[in-house]
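Below you'll find the structure, written out as C-alpha cells, and then a few comments.
FYI, it's all coordinate maths here, none of it is from the lab. Only a predicted model underlies this, so the values are computations on that prediction, with no experimental measurement involved. In this analysis, Cβ positions are derived from the backbone assuming ideal geometry, glycine residues included, and neighbour counts consider all displayed protein chains.
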C-alpha cells in the first residue's frame, strides 16, 4: 500500500473513530446540557380550599344574675365556680323591721287610693245621672235619639274586672319568678294578657266617646235646623251638656291614674309581704348549670346591694360539660366559598390541638363579609383569647389535577407543556416539549383541576430547571416516566 | 500545440475552479459562526421590496474567507444534537446493504451473461441495458406497488431490495469480464470446478477493479438517496442524512455538508485508481 493510501486509511480510521465516539457519546454530551424536567400525568383528585382567619373568642351564652331586693349580700360562689341548675348563688338579707314599715306605708297608700277611687266613682255616678237627665231635655227639642251606651258600660265594667284579675295573676307569677320558683315566660304571658285587656278597655272607651260625639253632633244639627228652636236656650243647653261630659271625662282620667297607683301599691305590697314571709331573706339560685363569671368588682359578702343589681353572669354549660363560644372571623375575599353551616376548626392560642366549630351565619358589616362561628367545647375560656379559624371545602372529583407549577400563561392564554417521546434510531429516545392550551376549572394554592380542548396522552412538565418552550429538547430528571 | 495545451489547461483550470468552488465554499463557510452565516446568507426579501431596485437584501454575500474562524458549527452539530449522527447512521444503513447487495447480485449475473450460453441471453441483456437507461422516477410507482404487495412499505427494505438489482453493476462487471482470458475458466472447469467455484475463486479476484468501481459509484449514488426515502419511509426517525440536510438549521448547514460528504470523499480518494481502471477496462473490447 503506498503512502497516500496509508494516509487515507488513517484518515478514514480517525473519521470512523470520531464517528463511533460521537455515536455513543454525543447524545450523552448533548443531553447533559438539556433542560431537566419532571413529569406527571394528570391525576384524579379533589381540590381542597382552605380559608384561614384570625379571630377572638367570645362567650356565647350567659345569664345575668340580678338581686330581687335591697339588702346585705352573702356570696355563696366565687368567680369561676361551676354550678348546677338550682344551686344557691347569692343571699340578700333585708332589714325585717324596715320591710314591715314599708309594708305598712304601702298599705296606707293603697287604702288612700281606694278611698279616692270610691269618692271619684260617686262623683262620676252623679255626673252620669246629670248627663242622663239632660238627655230627655234634649229629646224635647229634637227627634234625635241618644245612643245606647248601657251595653258599652257593661262591657267596660267587665273588662275592668278582668284587668284586676290579670294584675293579680301577673304579680303572683312575677313574684314566683323572682323567687326562682317559676319561669319568666309565665310572668311575661301574664303581662301580655294584662296589656291586651288594657287596650281593650281603651278601645271600649273610645267607642263610647265616638257614639256620644256623634250624638251631640246630630243633636246640634237638628237643633240648628229646627225653625221653632230657641237659639239661646239651645246654646246654653249644649254648653251645659258639653261641660258635664268634659267633667265626666276628667274624672275618668283621674280614675285611670288612681287605678295605676292602686296596682303599683298592690304589687309593692305583695313583694314586701313575700319578703316578710321569708324573713327578709332572698336566695338567688342558678337557673342553669354553668360557670360563674364577671362578678363586678366590689361585690362581696357583707356589702349592701340594691334592687335589680347585677351580681354576676352565669355562663351556661350543658349537661355534657361543654360551653358555647362565639367568634367573628373575616376570611379573605377569595374564600367566598365559606357559607353558613360549614364546619370549622378553631386553633386557640395557648391550647393544644384544634376545636370543632360551625359557621353559624354570615353577616355584612360595613361592606365586609363576616363569618360568625360557634364553638361548643369542654375548654373553659375566659373570653378574649385569640384564635385561628379555618374552614375547608372539598370540591367535586376531577379527573385532571396537576400542581400549579405545571401551568403557564402568556398573551395567547393558559397552557401546559407536555413531553413527546421520539426515537432517533440507534441513539435511543429524545424528548421534545409540546404546548397544549388548557383552562382552569378549580384551583387552590397548591394544585388545580383543569380541562383541555384535546386529550393529553403524554406526561406534563411540572418542574424544569430552566424555562422551556414548545419544540425544545429536554431530559427527564424526575417525576413519572412514560 | 503549446497554445492548444495552454488553452486546454486554462479551460481545465476554469472547469476545475467551477467544480471545486462550491466545495471550497462549503469548507470555508463551515468555519464561520452562525451569526456570520445569518448575516451573509439571510435574505430579507419581502413582497414590498421584491420589485424594487437591486439591493443587498436580495443577494447572499458569499465569501471564501470567514471573518473569524470557529468550530462552533461542528460543535453545535455534533454535540448539540444527537439527531445528525442518528441520520448519518441511517444513511449508512441504507447505502451499505444496497452496495453489498449490488455486488453480490451483479457479479453472478454478469458472470452468467458473459460465461454462459442460454437462449435469449442477449435479448435479456438488452432489456437490462434499457432498464438502466430508464430514469429512476419511472420505476418509483411500480416499486411502490410492489412494496405494498410485499408489505414492506415504510421499511428500509422497500429501498434496499429494488436498489440491489442494479443493471449498471451487471453492465460494468460484464464489460470487465470480457477482457478476462477464458483459459483460466476453462482450465478450472476441466479440473471439475463448478460455476460458483469458478466465480468465487477464479473470476472474482481478477475483476477487483470493476468491483471497486461498482462499490464507489454505487456508494456515492446511494449515499445521496433522496426520492426513495421521501416516498417509501414514513417514520422520520429512519430518514437518511440526505433528506435531513434540507431540514437542518441554516447556521449549521455547511458543517453538516462537510461531514456528510466526508465518507464519499474518503472512499473515492482511496479507490480512485481502481475506479479509473475499472471504467477504463470496461470500455475496452
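Structure summary
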quantity	calculated
Viscosity 1.306 mPa s, temperature 10 °C, Stokes-Einstein D of the stretch A:315-435 from Kirkwood C-alpha radius, µm²/s	84 µm²/s
Residue of B:260, B:84, B:270 that the Gaussian network model of chain B assigns the largest fluctuation, springs spanning Cα pairs under 10 Å	B:270
Diffusion constant of the stretch B:142-285 at 4 °C, which comes from Stokes-Einstein with the Kirkwood Cα-pair radius and 1.567 mPa s, µm²/s	72 µm²/s
DSSP-defined antiparallel bridges as percent of all bridges, chain A, nearest 5	95 percent
Chain B, relative contact order in percent, only Cα pairs under 8 angstrom and at least six apart counted	28 percent
Cα centroid separation, the stretch B:167-198 to the stretch A:33-60 (Å)	84 Å
13 Å cut-off, amide nitrogen to a point 7 angstrom out along residue A:176 Cα→Cβ, residues in the stretch A:187-220	A:187-191
Average beta carbon contacts from partner chains per residue of B:83-91, 10 Å cutoff	6
Between helix A:231-277 and chain A: long-axis angle, C-alpha atoms, 0 to 90°, nearest 10	60 degrees
For the stretch A:96-279, convex hull volume per residue from C-alpha positions, Å³	98 Å³
Hull-based mean projected area of the protein assembly as shown, where the convex hull spans the alpha carbons, in square nanometres	80.1 nm²
Alpha-carbon Debye profile of the stretch B:59-111, log10 I(q)/I(0) at 0.24 Å⁻¹	-0.92
Dimensionless Rg ratio for the stretch A:174-316, taking C-alpha atoms and the 2.2 N^0.38 Å reference	1.89
Sorted peptide list for B:218-229, B:188-199, criterion being average Cβ within 10 angstrom, highest first	B:218-229, B:188-199
Ratio of the Cα radius of gyration of chain B to 2.2 N^0.38 Å, where N counts its residues	1.27
Within a Gaussian network of chain B (alpha carbon springs, distance under 10 Å), most fluctuating of B:140, B:241, B:15	B:15
Relative contact order (%) - criterion: Cα under 8 Å, at least six apart; region: the stretch A:381-468	30 percent
Relative contact order [Cα under 8 Å, 6+ residues apart], chain A, whole percent	30 percent
